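For reference, the structure discussed in these notes is given below.
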Amino acid sequence: MDRIFENMPLAEKQVDSTQVFDGRLLHVYKDNIILPNGHKSTREYIKHLGAVAVVAMDDKGRIAVEHQFRYPFMAELLEIPAGKLDYADEDHLEAAKRELREETGIEAEHYEYLGPFYPTCAYSTEVIHLYWATGLSFGKRELDYDESINVEMMDIKKFVTMILDGKVPDGKTQSAVLQVWARMNKKQ
């Protein structure tokens with residue numbers, strides 16, 4: 001039997017909330033709270049509309065991989081196609097289809113939901129909804145004015161090796177691709 005070290009309530013109670021920054025993408029808050037032990041503290045966090053990400057796989061086992069410059073890291077990173085929701089109640093699947101088409105020109109016949117991914121649960125409400133897309137057809141991209149993305153189709157086995165070798169630091173990409181890889185190998 002597993003040993004339980006503590007078994008106390010863990011919920012924190014909000015006393016008040018103040019918005020300290022209201023940007024185009026991020027909305028930053030500072031809340032005063034009461035901890036489970038009765039002590040007072042503060043929490044600073046970001047409210048985010050959410051996002052989607054797609055592992056788009058062709059019938060040869062290749063996935064769409066994006067090369068994108070990420071300003072906070074001043075580096076080009078490898079990622080799967082992804083993008084933010086346009087509004088809070090946007091249908092995640094429709095957003096995934098839109099982002100895949102806009103960024104890569106790819107449309108898919110089948111989508112499988114892989115689940116939610118919380119990229120920074122300690123300080124953000126962002127949830128990225130992960131999908132696996134198959135039955136691909138290729139068309140024209142429709143990049144946003146502020147996007148510069150190079151796309152290639154890469155063998156998933158090679159990409160998994162790159163992830164395991166530490167060459168793909170993006171968390172959503174790691175999670176989604178490794179989930180697809182595990183599901184593929186479970187079916188064999």
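The values are calculated or read from the model by the stated rules, or taken from the named source; none is laboratory data. Not measured: the values here are computed from a predicted model. Positions of Cβ are generated from backbone atoms using ideal geometry, with glycine treated the same way; all protein chains shown enter the neighbour counts.
The table that follows gives values for the structure above.
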| quantity | calculated |
| --- | --- |
| Every residue from region 142-174 that is assigned to a loop (DSSP other than H, G, I, E, B) and either at pLDDT 95 or above or among the β-branched types (Val, Ile, Thr) (or both) | Asp165, Gly166, Lys167, Val168, Pro169, Asp170 |
| Criterion violated by Ile163 - all others in (1) closer than 19 Å to Gly83 by Cβ; (2) buried (at least 18 other Cβ atoms within 10 Å of the Cβ) satisfied | (1) |
| Unmet requirement for Met184, which otherwise passes all of (1) surrounded by fewer than 17 Cβ atoms within 10 Å (Cβ to Cβ); (2) under 19 Å from the mean Cα position of the chain (by Cα); (3) assigned to a helix (DSSP H, G or I); (4) touching a residue at least 12 places away in the same chain (Cβ under 8 Å) | (2) |
| Residue check, Phe73 of a type in the set (Phe, Trp, Tyr), within 30 Å of Tyr113 (Cβ to Cβ) and loosely packed, with under 15 Cβ neighbours inside 10 Å | yes |
| Test: residue in region 122-132 that is under 17 Å from the mean Cα position of the chain (by Cα), closer than 27 Å to Glu90 by Cα and exposed (fewer than 15 other Cβ atoms within 10 Å of the Cβ) | yes |
| Search result, residues across region 71-121 that are of a type in the set (S, T, N, Q) and part of a helix (DSSP H, G or I) | Thr104 |
| Candidates Val52, Val65, Val15 - the one that is in contact (Cβ under 8 Å) with a residue 24 or more places away in the chain and over 25 Å from Phe117 (Cα atoms) | Val15 |
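Table: residues versus (1) of a type outside the set (Asp, Glu); (2) surrounded by 12 or more Cβ atoms within 10 Å (Cβ to Cβ); (3) not assigned by TED's automatic domain parsing to the domain that holds Ser148.
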{"position": "Phe21", "(1), (2), (3)": "yes, no, yes"}
{"position": "Ile33", "(1), (2), (3)": "yes, yes, yes"}
{"position": "Arg62", "(1), (2), (3)": "yes, yes, no"}
{"position": "Phe69", "(1), (2), (3)": "yes, yes, no"}
